Amino acid sequence: MPESIRLKTPLRDEDVERLRIGDRVLINGILYTGRDAAHKRLFDLIQGGKDLPFDIRGQIIYYVGPSPAPPGKVFGSAGPTTSYRMDVYSPALIEKGLKGMIGKGMRSDLVKEAMKKYKAVYFAATGGAGALLAKRIKRAEIVAYEDLGPEAIRRLEVEDFPVIVINDIYGNDLYIEGEKKYKRP
Amino acid sequence: MREIEVRRITEKVKELCIEANTDLGEDVLQAFDRAIEKEESPLAIEILKELKENARIAKEERVPICQDTGVAVIFLEVGQEVHFVGGDLKEALFEGVRRGYREGYLRKSMCHPFSRANTGDNTPPILHMEIVPGDRVRLIVAPKGGGSENMSRVVMLSPSDGMEGIKRYVVQRVKESGSNPCPPTIIGMGIGGNFEQAAILAKKSLLRPLGSRNPDPDLDRLESEILEEINRLGIGPQGLGGRTTSLAVHILMMPCHIASLPLAVNIQCHAHRHKEVIL
């Protein structure tokens, strides 16, 4: 396997320009968590012309609803949730400066177009590998929407968080290319 | 009559919720190993090894295999000679789920369909109770995640669609689901019965150990044929391309109405969790 690329957040245009589908990336720095309910709230704020609860520019949102942290642990199990449910909200966030998303599963054409236009990438983390991924999370704090429980927005400090580039800014899609490569008649 | 205290049921449900969510079955781990041997994609092999490592960490540290610790699906087979005493059986089952999800630090995923307000304790579980001969109780807890459940379907086919129609439908469903249900998946199929029975059959078929054969030779052949077609799709582990889109296809079948051909496809992610106990 080729070497992984180390990236530090916040991401700049230069960071995402060099990424291509299939690249294995180790993220260092900050991830913000957010899934269905948090996305709806962020979207409503944007629609209403209001400020978001954190500066989204250059940031990465990780689609995850963790299990509760047991005593003595920083975080519970923390694998990605399926991304298509965030598709209706993502273009607005990307337009506001979001540079990366981590989830699993294919994105809509509208999200892919927004990624191309505003230079953002979509990564996948291994779905169902929540115990393994949690070990890369070094600190966690809630920054908004505590009432949403597992769906609250959390700020995570991560070290070498492993992801794969699914959609780059050039319009490529690893899900489509991967399936094509291994499909048999 | 054999008396069983319902608090024993609570205790067992609690234990099974935690065990199922932290200890992946040996049959699933062996299925990963078989897949690694056959897999052609280097990235897919990496993913499969990651899943093995994840299961090892989860078991060792008693943390959930997957953060989606699911809807608590409970199958209860009650011998007709059993008399439950000491309280309400249904409440005892609910209490077991409450305690399991709280004490095991499992995620509470049940919410109101519209307001999405969380019920806070992962109740209600989904209960399937059956009266069987004998004086024993078989209790199965099978937590089911949302990602793979969302890709599942029940369809009322026409009798003329036949076996070919069933095959086409299932393979198409897996293809359209792509990477969403966390492949490599296990495909549970319920054929026949009626609308709701087909879904229950599909869910139940998932409980059969991976790597075991279907006792009905015709269905066994059908399972192999469908699995082969699915694994020609190229979706692969996590949808990144590869030979291993599904680990197994399981079928349960029963007679149906002369006008119908019910089919349920219950997709199960690789975090294939179920544990049982006999009382």
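The values are calculated or read from the model by the stated rules, or taken from the named source; none is laboratory data. Note that the coordinates shown come from a computational prediction; the quantities given were computed from them, not determined experimentally. With ideal geometry, Cβ positions are generated from the backbone for all residues, glycine too; neighbour counts draw on all protein chains shown. Note: areas computed on protein heavy atoms with side chains; ligands, DNA, RNA excluded. Shrake-Rupley method; radii C 1.70, N 1.55, O 1.52, S 1.80 Å.
Can you give the FRET efficiency to the nearest 0.05 for B:F195 and B:D23, using r as the Cβ-Cβ distance and R₀ = 25 Å?
0.15
Of the trypsin sites (Lys or Arg not before Pro) in the range B:124-162, not one is in a loop by DSSP (not H, G, I, E or B) with at most 12 other beta carbons within 10 Å.
What is the calculated FRET efficiency for A:I176 to B:R2, with r their C-beta to C-beta distance and R₀ = 60 Å, to the nearest 0.05?
So the FRET efficiency works out to roughly 0.55.
Dividing the helix sum by the residues of chain B, where each DSSP H run of 4 or more adds -39500 (n - 2.57), gives a mean residue ellipticity at 222 nm of -13000 deg cm²/dmol. Which helices count as membrane-span-like in chain B under these terms: full DSSP H, at least 20 Å along the axis by C-alpha, Kyte-Doolittle mean of -0.5 or more? Helices meeting the criterion: B:6-22, B:42-61. Computed from backbone phi, the HN-Hα couplings of the range A:141-154 come to 8, 7, 10, 6, 6, 4, 4, 7, x, x, 8, 4, 7, 10 Hz, rounded to whole numbers (Karplus: 6.51 cos²θ - 1.76 cosθ + 1.60, θ = phi - 60°; Gly and Pro given as x). Taken per residue, the accessible surface of the range B:80-179 reaches 51 Å², heavy atoms only and a 1.4 Å probe. In sequence order, the range A:23-32 has phi-based couplings of 5, 9, 10, 10, 8, 10, x, 10, 10, 9 Hz under the Karplus curve 6.51 cos²θ - 1.76 cosθ + 1.60, θ = phi - 60°, and Gly or Pro positions carry x.
Specify the inter-centroid distance of the range B:177-217 and the range B:91-154, based on alpha-carbon positions, in whole Å. First find each Cα centre; the distance between them is then 19 Å. Take B:235-248, A:108-121, B:6-19 and order them by the average number of nearby Cβ atoms within 10 Å per residue, most first; the result is B:235-248, B:6-19, A:108-121. Residue separation of B:K38 and B:H83 scaled by 0.36 nm, minus their Cα-Cα distance, works out to 11.2 nm of gained length. Using a Gaussian network model of chain B in which every pair of alpha carbons under 10 angstrom is joined by a spring, one finds that among B:C269, B:C66, B:C256 the greatest mean-square fluctuation is at B:C256. Among the residues of A:130-138, the average count of other protein chain beta-carbon atoms within 10 Å of the residue beta-carbon is 6. The loop-placed chymotrypsin sites (Phe, Trp or Tyr not before Pro) in the range B:90-188, going by DSSP, that have at most 11 neighbouring Cβ atoms within 10 Å of their Cβ come out as B:F114. Diffusion coefficient of chain B by Stokes-Einstein, Kirkwood radius over Cα pairs, 10 °C, 1.306 mPa s: 81 µm²/s.
Mean per-residue shielding of peptide A:71-81 is 5, counting Cβ atoms of other chains within 10 Å of each Cβ. By the rule of a second cysteine Cβ within less than 4.7 angstrom, chain B holds isolated cysteines at B:C17, B:C66, B:C111, B:C256. Between B:I258 and A:V143, the simple label model (points 7 Å from Cα in the Cβ direction) yields a spacing of 6.6 nm.
Charging the Cβ of each Asp and Glu at -1 and of each Lys and Arg at +1, and nothing else, the dipole of chain B about its Cα centre rounds to 500 debye.
Scaled against the 2.2 N^0.38 Å expected of a compact globular protein of N residues, the Cα radius of gyration of chain A reads 0.98.
Counts of other chain beta carbons within 10 angstrom of each beta carbon in peptide A:118-129 average 6. In the full protein context, the range A:5-182 carries 40 Å² of accessible surface per residue, based on a 1.4 Å probe and ignoring ligands, DNA and RNA.
Among the listed pairs A:K40/A:K181; A:K73/B:K144; B:K90/B:K144, those with a Cα-Cα distance over 31 Å are A:K40/A:K181. On the protein assembly as shown, 51 percent of the accessible area sits on carbon and sulfur atoms, based on a 1.4 Å probe. Pairing chains B and A buries close to 3400 square angstrom of accessible surface in total, based on protein heavy atoms and a 1.4 angstrom probe.
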